[in-house]
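Encoded as structure tokens, the structure appears first; notes follow it.
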Amino acid sequence: MNLSCFPLVSYFDSPNFLSLGLYVTTTVGTPIHLFGLYCILRKTPEMMKNVKWYLVNLHFSIIFFDYSFGLLTVPFVLIPSLSGYPLGLLRHVGVTTRDQTLLIFALFVYVLISIAAIFENRFYTVYRKLGNTYWTFWRRPWLASHYITALLILIPIRFLVPEQETVKCRVFASLPCLPRYIYEAPVFILAEDYTYHMIVSVTYLAVLCLEVLTFVALLVMITLKQLKTHAISQKTYRMQRNLFRALVIQVAIPFVTLLLPLIYAFIAIELKYYNQAMTNIAIIIGSMHGFVSTIVMLFVHHPYREAFLDIFIRKNGQQDEAEIRRSRYLKNNSIAILKY
């Protein structure tokens with residue numbers, strides 16, 4: 001720790017920039033989230049009933065993660081070390097930094113499990129329509145095992161936190177000259193040796209990705225086989241394909257806003273590179289995941305897109321024409337053998 005040094009810092013390096021950025025994204029995201037929830041609850045057609053409550057679950061997981069990250073904790077992170085301090089509301093009500101960190105981890109895992117559950121639901125819906133009941137028994141234990149595993153992973157993280165005063169000097173010594181306000185802040189070090197954290201994080205994420213890819217592959221194989229044997233019509237096939245494509249886009253595009261900050265953090269940790277401005281920007285980009293996800297959902301699913309256009313874009317005459325098109329769309333798809 002060197003209190004006599006004079007670091008070159010800009011506004012982008014400061015906690016004020018990070019707080020402002022996260023509060024802005026939270027403020028912008030709130031009405032978008034509310035409208036997205038309204039569309040799921042009130043504008044989801046009958047043919048999407050099998051996936052409706054999974055979309056609700058995913059939407060709430062994203063909202064919880066957004067608010068925990070952008071309002072309740074607001075983490076000012078000192079990458080490449082696993083250290084930092086919170087700037088959010090929870091620090092004013094006595095919640096420890098350790099518990100705030102675990103809250104973010106837990107809600108991030110909740111988002112990941114919710115994504116996997118949506119693709120499992122699509123697989124189960126198609127699999128069940130074939131008269132197969134094997135997965136009906138195993139799907140609930142499968143889902144519960146993910147929450148239990150996540151809990152078992154997070155518990156050791158809580159107890160692996162090192163003695164703070166001892167390790168804080170070593171962490172500050174590994175970083176370049178820092179502003180005085182960081183030295184004087186209640187900096188929390190999650191871990192000095194992050195081997196366990198990296199192994200369990202990468203493994204858990206890899207397993208979830210493998211499961212999603214497996215469900216996708218099985219869903220594609222079953223659907224193509226049904227089409228080839230004329231077990232489903234071309235219309236049903238197109239409907240399943242459109243929903244599947246919409247779900248993939250809904251998950252993939254927003255996930256980039258999380259992937260880019262994670263890639264930067266991984267590279268910075270490996271290279272032991274410290275750039276507070278880049279870290280702040282990466283965190284702000286990550287906080288945009290929620291409302292980007294909701295916007296993508298509104299535009300890739302036809303009923304939600306129509307609802308948005310009716311409310312915010314179209315005039316009365318255009319709304320009447322849109323209602324006719326919507327009724328025709330629902331009528332054409334409602335006769336499909338396999339519901340949306």
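Taken together, the residues in segment 136-168 that are of a type outside the set (A, V, I, L, M) and touching a residue at least 12 places away in the same chain (Cβ under 8 Å) amount to 11. In segment 114-126, the condition of being more than 19 Å from residue 55 (Cβ to Cβ), surrounded by 17 or more Cβ atoms within 10 Å (Cβ to Cβ) and at pLDDT below 90 is met by no residue.
Could you please let me know if residue 333 is modelled with pLDDT of 90 or more and surrounded by 13 or more Cβ atoms within 10 Å (Cβ to Cβ)? Judged against the criteria, residue 333 is not a match.
Pick from 72, 58: which is crowded, with 22+ Cβ neighbours inside 10 Å, touching a helix residue (DSSP H, G or I) at 6+ places or on another chain (Cβ under 7 Å) and assigned to a helix (DSSP H, G or I)? Just one listed residue meets the conditions, 58. Scanning segment 29-45 turns up no residue that is without any contact (Cβ under 8 Å) to a residue 60 or more places away in the chain, surrounded by fewer than 16 Cβ atoms within 10 Å (Cβ to Cβ), out of contact with any His (no Cβ under 7 Å at 6 or more places or on another chain) and over 30 Å from residue 312 (Cα atoms). For residue 61, the requirement of being of a type in the set (Gly, Ala, Ser), under 17 Å from residue 292 (Cα atoms) and out of contact with any Ser or Thr (no Cβ under 9 Å at 6 or more places or on another chain) is not met. The set of residues in segment 32-73 that are among the aliphatic types (A, V, I, L, M) and either at pLDDT 90 or above or touching a strand residue (DSSP E or B) at 6+ places or on another chain (Cβ under 8 Å) (or both) comprises 32, 34, 37, 40, 41, 55, 56, 58, 62, 63, 71, 72. The criterion of being charged (D, E, K, R), more than 28 Å from the chain's Cα centre (by Cα) and within 28 Å of residue 297 (Cα to Cα) does not hold for residue 168.
Only one entry in 269, 295, 249, 253 is touching a residue at least 60 places away in the same chain (Cβ under 8 Å) and either crowded, with 20+ Cβ neighbours inside 10 Å or within 26 Å of residue 49 (Cβ to Cβ) (or both), namely 295.
The values are calculated or read from the model by the stated rules, or taken from the named source; none is laboratory data. All of these numbers come straight from a predicted model, not from anything done at the bench. Neighbour counts are summed over all protein chains in view; Cβ atoms, including those assigned to glycine, are modelled from backbone coordinates with ideal geometry.
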